[in-house]
Each structure stands twice: as C-alpha cells, then as structure tokens.
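Report on the following structure.
The values are calculated or read from the model by the stated rules, or taken from the named source; none is laboratory data. Note that the structure is a prediction, hence the values are computed from the model and not measured. In this analysis, Cβ positions are derived from the backbone assuming ideal geometry, glycine residues included, and neighbour counts consider all displayed protein chains.
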Amino acid sequence: MSDVGADLKRYLRSPMMPTVWCPGCGHGNIARAIATALDRLAIDLGQVVILGGIGCSGRTPFYFNTNAMHTTHGRVLAFATGLKLANPRLTLIVAMGDGDALAIGAGHFVHAARRNIDLTVILYNNSIYGMTGGQQAPTTPFSFRSTTSPFGSIEPTFDAVDLALAAGATYVARTTTFDFAEMPELISEAIRHPGFAMVEILSQCPTYFGRLNKLGDAPDMLEYERDHTVVADEEPNQAVEITRQDLVGNLPVGVFRREIRPEYVQQYAELSRGRGGNYGA
Amino acid sequence: MRLVQGNEAVVWGALASGCNFYAGYPITPATEIMEYMARLLPGRGGVFIQMEDELAALGAVIGAAWGGMRGMTATSGPGFSLMQEHIGYAAMSQTPCVVVDSQRVGPSTGQPTMPAQGDVMQARWGSHGDRPALVVTASSVKEVYDTTRLSFEWAYAYRVPVIILLDAVLSHMRENIELPVLPASAELASPSGDPELPFGSHPFMPFSAATRTIVSGLAHDESGATRGSGIGTANEQILKGAIRQIENDAPRLARCRADRLEDAEWAIVSYGITARTARSAVDLLRADGVRVGLLELHTLWPFPEQIVQALAQRVRGMLMAELNLGQLVLSLRAAAQGMCPVSGLGRADGELFTPEAIAAAMSAEIRQIEVGGRMSHHV
Ligand SMILES: Cc1ncc(C[n+]2csc(CCOP(=O)(O)OP(=O)(O)O)c2C)c(N)n1
Ligand code: SF4
Ligand SMILES: [Mg+2]
C-alpha cells in the first residue's frame, strides 16, 4: 500500500506501516480498494469496524484508522455477528482469507450468510495458505501445486460464489486485483447493501502460489487473473450457471446476486419490539 | 420464595447483573439456560442468538462485549472443549465475559445426563499459553444465583472470562429461593477509560467513536500495538499483571465455607454437588464421635492456598472428595505442603457419592494414619 495517495492516508493507521505483506502481494491492492471505497462512501470512521480472521488477509484491520478486531482463524464472522447485534449502528467490514472463510471457517460463513446479517465480507482469494507458507487451500485449483500438494492437487476446487449463493448471501460478487477500478466499486456497493454481502477478490500471492506454480511475479500473475476470468452476464441469475464451469479455465467475475431479503438485526429488533423490548430503539 | 431450577438461577443471576447478550449452542445439561434466555432477553431489549457451534457462541459473546453489551454463554464438556480457543482469546484480549460449564461425564460424549466434576483442571489450564483464571462453583440453587452475580462483577473488575462450573445434578435440581425483582431492562453504567491505552490494567472500554482500539489475540502492549522489538516483554507484563492482580486479591476471591472445622482433627475438602454429600458424611462421622469438619470450596481458581495451609497446620489429615479420578486433590496436596497427609476419593461413573462412601473413606484414612501407614489414593 506504499502507493497510497495523500487523499487516502487519513483512512490508514500510519504507525502500523509498513504492512506485513510481501512486495507485489495482491492483499495490498485490496486494502487500497477498501480505503478508496470508504473515501467514496464518506462514512464516519468512528462508526466503522474492520475485522479479520487469521492469515495474511486477516492482518487488514491493523492498517485502518478505525476500531479493529483481529480474531481467530476462520471464526471472525462469529465475533462480527455479536458485535453487529450489540451495536447495529456500526458498519462492519470483514477481511477473510480463502482458507479462513472456506476451510476452517466455512461453517460460520454459511450461517452468517444464511442469517443475512448486515456486514461485508471481503474474501481475499489467493488460492493458497499464504501466512503459513503456501499450503493447499480449498481454492487451490485442481492439479496446482502447494507445499502440501507437491505433486499437484487432486481435490476439486471450491467456489466461494457458489457457496455464498447457496447459503443465502444477498449480495455476491467476484472480481480480481487486476480489475483495480472495479474493486472499490464492488466494495462500496457491498458496504451499502443492507444484508450479508460478499465480494470475493482473486489476489496474487507471488511468494508462494506464484513461485510454486511458476506463474511469474506480480505483474504476470495479474495478467494470469485477467486471462482466466470472464465477465459474467450482468443479468444475475445467468451468471450462476457459468460458475459451474471448470474453474481452472475461465472463472466468471461480476455481480451474481443483488437481493433484498429481511436482514437479521432488523428481524431481531422486530421480535424484541413484539415482546415489549426496546432493542435497537 | 419460588422453586427454581439451577440453570434458571444462572439466568436470574445474570439478568440481575445486567447481562443483556446471550449466544449459545444447545447441549445437555446446560440447555435450559439458553431456553430461558431465548424467552426472556428479547422482551428486555437484550440479544439472544443461537449460534452454529460453541466456538461461534463464545466468539459472538466476545464481539458483543466490544460492542458494549454484557454477554455470557453456557455449555457442557464437549462444547467447553471447543470453547478453549476463545477462552484464550478473551484472556489475551482482556474481554470480560461469563462462561457456564455444566459438567457431565467425559471425555468425549461420555454420559451426557450424568454429573461429573472432571473439568476443573481444564477450566484452569485449558487453552494454550498462560492466562489469569477465575473459576467458581456452587452447591445449591441459591449459591448458583449468587455465584453468577459475582461472576459478572469479577469479569468486569478483572477483565477476564469467568468460568462457572456446575454439574448435571445442580443444573437440574430445584430449590426454593428468593428471586430479585429485576428492572425492566438493564441500565449499565457507561464505561470510561483512556482510549489510548485499551489494554493492561485499564478499565474495559468497548468500541466507540472516540476509540481506535485494535483488539487482537496477537501479543500486544498496552496501546494494542503488536509489533516492535519489546512486544514479547510488554505482552508478558500484561499477562503477569493480570495473573498477579488475581493472586493479590486471592484472599478476597477465595470464597469457601468452613463447616464444623473449629475443633476438627480431620477435614474433608470438597466442592460443588459433592460438598452436599460431604456435609452428610460429616454428620455421620460426628455421630460416631469423630472430630471431622468440611471445607467447602466455592472459588476453585485461584486455589485457596492460604486457607488450605492454615487448615493443614492444625488437622491430622485431609480427604478430597470429587467426581473425577483425582484432579483438584493435586492442588490440595500441593497447598498442604506435606503438613498433613492428603488423600483423594474420586469416581467418574456418572453417580454421586453416598454420604456413607465419603465417611468410609475418611475413616479408612484416619485408621491408616493412626496406625502410621502410608497414604493411598482411593480412586
Ligand atoms: C486454529 C488454527 N489453525 C491453524 C492456524 C495456522 N494458520 C494461520 S493462517 C492459516 C491459513 C491462512 O490462509 P488463508 O486463510 O487463505 O489466508 P492468507 O494467508 O492466504 O491470506 C493457517 C492455517 C491458526 N492460526 N489457527
Ligand atoms: S505470503 Fe503471499 S499472501 Fe502472504 S503477504 Fe506474501 S504474497 Fe501476500
Ligand atoms: Mg489464502
């Protein structure tokens, strides 16, 4: 995030810089896009909490000038659920890794989406476990290498968009760090969305995923992202069909769902009022 | 006066303490706590949520604390094991919360409906690393209520997860108690502290527009910073401070009840549901002219070392009765420092002791000591 312009500096917590991220890591591009989105939305930073799980991605909360929670591996959405219910005025942005959200934390991810609780998950998908040194993730594409699939992965690749849609997330989008202009747009839209929103962002990990799979350095990996994604039709439900294609080939990107469905905290407030309580008043 | 179930007493104690957030996952024999909360909290303006597992339950409680609500959860063995990672997180992040573990026979699924006291060491030492620990128990429904009240007070005073150990019998037992008139909804004093120093020996201050707190399970200093060459030392300082604060206050925190110990030559030490049986065992032995008394522990951690030492100096022997295969007896023996022999009586088959069994074990110990024999560990 060293290239962050003066305009975005006020969103960042300068004493925490430099970040832990390797040079060329896509996670920095995503953090920059979050800062840009916050700037565009002009939200009061005192009302924002950025949360993270454990992983390179999970370090995001440290770098923002907001209240922050860096939690446990996979379980950040449980903390976020409690926090949001306790103080519904807060805007929650939750940074999760692909291992974080789809392996150890898949159960929490499914239920936060099902409840449609109002928060935004940014899923940093680098197809690998970055922080622990390049092990296989549920997102590691079939036949790709990691330190724990040294002969190529024999497992089917997991699709976060599919999971989010099936679990009932009401805003679901995917983009890549190559699409630097689209990232802040989707993130802003997700933050504004009144319900569980997920933006999956394909992110480059040159240090492990790139090196182990001979994909070159960061610029090569960005091109790789460009060449292996297709822009899904803007008509949301058609896009769902495309995601069932071979993920090693072309991964659809775009917005897959925008839906308004009763949000959990509001549902709870109604329940409380119905029982004579003043929750959320 | 009303007939109140042990689990219900937890709920009343919590509500009277301003608890307004409950997240849980059903498990016998703790489930009624969650069911009462589900009925009561919405109408009181509090939050009830059933989470997807116990890690999530405690995670939500911790998140809620930082959002300004007073939270608790309740579980039993298998769920308590799952919660260990977040008990450590609460300790590391100095987040006040209350966790009830209604013990059943373990390990694993064990005997879900049968009482045990096999989690006393896990309650102290569970979760990796070193942490301050406050663990309390009770032996009557009234005490469950009082203990729960105290637990919330301590959780906030010391910024720790306080663990309440019950068991399958106490949770489901009904006794007449006086319940308080609860205010319609809890008014909590708004917290104040230094937003620059959210950790260490500072009051707990939830997130607000004035704070920019970073809550993390990573080692950190008082400001919450997690980097820099001195972080290991700074973090150790915070943990040592928290541990020392509880040690220093141990005389106040070490709650127990002495029963017929004034003239006692022998002491039974027990806690929780077993202490009730031990009281009857003392009756039996006293009727036989044995000068025995009972030390009933309410606070298990910090372990009441000073009280035990004072007792060990003046009795000829002690017996620890507990529903496990020998856990707290280890701490009792350590605290007695060889000043008197200490033996243990344990079982983990899902049954309670009979007063006769405890009395017999005490008599056997007395006989052995009087003939100068060696101590055995009856399990
Ligand atoms: C309970 C637990 N298990 C394992 C770990 C070790 N660990 C830390 S980060 C991580 C994986 C990170 O991968 P991902 O979620 O994809 O995030 P990334 O680093 O790639 O951004 C693992 C396994 C942990 N911290 N906690
Ligand atoms: S290991 Fe990979 S994901 Fe982690 S910071 Fe380095 S490049 Fe980024
Ligand atoms: Mg990853």
Scanning the stretch B:206-222 for residues that are within 7 Å of chain A (Cβ to nearest Cβ) and not in a strand (DSSP E or B) gives B:F207, B:A209, B:T211, B:R212, B:T213, B:G217, B:L218
Given B:A38, B:A30, B:A56, which one is at negative phi and touching a Ser or Thr at 6+ places or on another chain (Cβ under 6 Å)? B:A30
Can you find even one residue in the stretch B:261-276 that is at pLDDT 95 or above, part of a loop (DSSP other than H, G, I, E, B) and either of a type in the set (S, T, N, Q) or closer than 30 Å to B:A90 by Cα (or both)? no
Report whether or not A:T229 is at pLDDT 95 or above and over 15 Å from the mean Cα position of the chain (by Cα). no
Would you check if there is a residue in the stretch A:30-43 being free of Cβ contacts under 8 Å to residues at least 24 places away in the same chain and under 20 Å from A:L92 (Cβ atoms)? yes
Which residue is nearest to ligand 2 (Cβ to nearest atom), if the candidates are limited to the stretch A:190-224 and must be surrounded by fewer than 18 Cβ atoms within 10 Å (Cβ to Cβ) and under 30 Å from A:T81 (Cβ atoms)? A:R192
Failed condition for A:P15, given (1) within 14 Å of chain B (Cβ to nearest Cβ); (2) surrounded by fewer than 22 Cβ atoms within 10 Å (Cβ to Cβ); (3) within 16 Å of ligand 3 (Cβ to nearest atom), with all others met? (3)
Would the stretch B:91-107 turn up any residue that is more than 21 Å from B:W154 (Cα to Cα) and either at pLDDT below 95 or more than 18 Å from the chain's Cα centre (by Cα) (or both)? yes
On the given criteria, is A:P141 away from chain B (no Cβ under 14 Å) and in contact (Cβ under 8 Å) with a residue 60 or more places away in the chain? yes
If you take just the strands (runs of 3 or more DSSP E) that sit entirely in the stretch A:53-155, which of them hold at least 1 residues that are touching a Pro at 6+ places or on another chain (Cβ under 9 Å), within 16 Å of ligand 3 (Cβ to nearest atom) and aliphatic (A, V, I, L, M)? A:91-97
It is to be established whether one or more residues within the stretch B:224-242 are touching an Asp or Glu at 6+ places or on another chain (Cβ under 9 Å), modelled with pLDDT under 95, among the hydroxyl-bearing types (S, T, Y) and surrounded by fewer than 17 Cβ atoms within 10 Å (Cβ to Cβ). no
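Yes/no per residue for (1) under 13 Å from the mean Cα position of the chain (by Cα); (2) hydrophobic (A, V, I, L, M, F, W, C); (3) away from ligand 1 (no atom under 16 Å from the Cβ):
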| site | (1), (2), (3) |
| --- | --- |
| A:C56 | yes, yes, no |
| A:H70 | no, no, no |
| A:G130 | no, no, no |
| A:F142 | no, yes, yes |
| A:S149 | no, no, no |
Where residues in the stretch A:72-91 are more than 7 Å from every other protein chain (Cβ to nearest Cβ) and crowded, with 24+ Cβ neighbours inside 10 Å, which of them is farthest from A:M131 (Cα to Cα)? A:K84
Which one of the conditions (1) within 16 Å of ligand 2 (Cβ to nearest atom); (2) over 30 Å from A:R211 (Cβ atoms) does A:T91 fail to meet, given that it meets all the rest? (1)
Taking the stretch A:102-133, which residues are in contact with a Lys or Arg (Cβ under 8 Å, 6 or more places away or on another chain) and not aliphatic (A, V, I, L, M)? A:G105, A:H108, A:N116, A:D118
Kindly indicate the residue of the stretch A:19-40 that is under 15 Å from the mean Cα position of the chain (by Cα) and not hydrophobic (A, V, I, L, M, F, W, C) and also farthest from ligand 3 (Cβ to nearest atom) among those meeting that condition. A:R32
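Consider B:E32 carefully, then state whether it is among the acidic types (D, E) and assigned to a helix (DSSP H, G or I). Write out each step before concluding.
Working: among the acidic types (D, E): yes; assigned to a helix (DSSP H, G or I): yes.
In short, yes.
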Given (1) within 13 Å of ligand 2 (Cβ to nearest atom); (2) at pLDDT below 95; (3) not in a loop (DSSP other than H, G, I, E, B), A:D7 misses just (1)
For residues that are in contact (Cβ under 8 Å) with a residue 40 or more places away in the chain, within 24 Å of B:V105 (Cα to Cα), within 11 Å of chain A (Cβ to nearest Cβ) and surrounded by 24 or more Cβ atoms within 10 Å (Cβ to Cβ), tally how many sit in the stretch B:32-86. 2
Keeping to the stretch A:242-269, report how many residues are closer than 19 Å to A:G168 by Cβ, touching a Pro at 6+ places or on another chain (Cβ under 9 Å) and modelled with pLDDT of 95 or more. 10
Looking only at the stretch A:137-165, filter to residues that are within 14 Å of A:Y208 (Cα to Cα) and of a type in the set (A, V, I, L, M, F, W, C); which one of those is nearest to ligand 2 (Cβ to nearest atom)? A:A137
Test B:M121 against the stated conditions and say whether it is part of a loop (DSSP other than H, G, I, E, B) and hydrophobic (A, V, I, L, M, F, W, C). no
With respect to A:A42, determine if the residue is crowded, with 19+ Cβ neighbours inside 10 Å, more than 11 Å from chain B (Cβ to nearest Cβ) and small (G, A, S). no
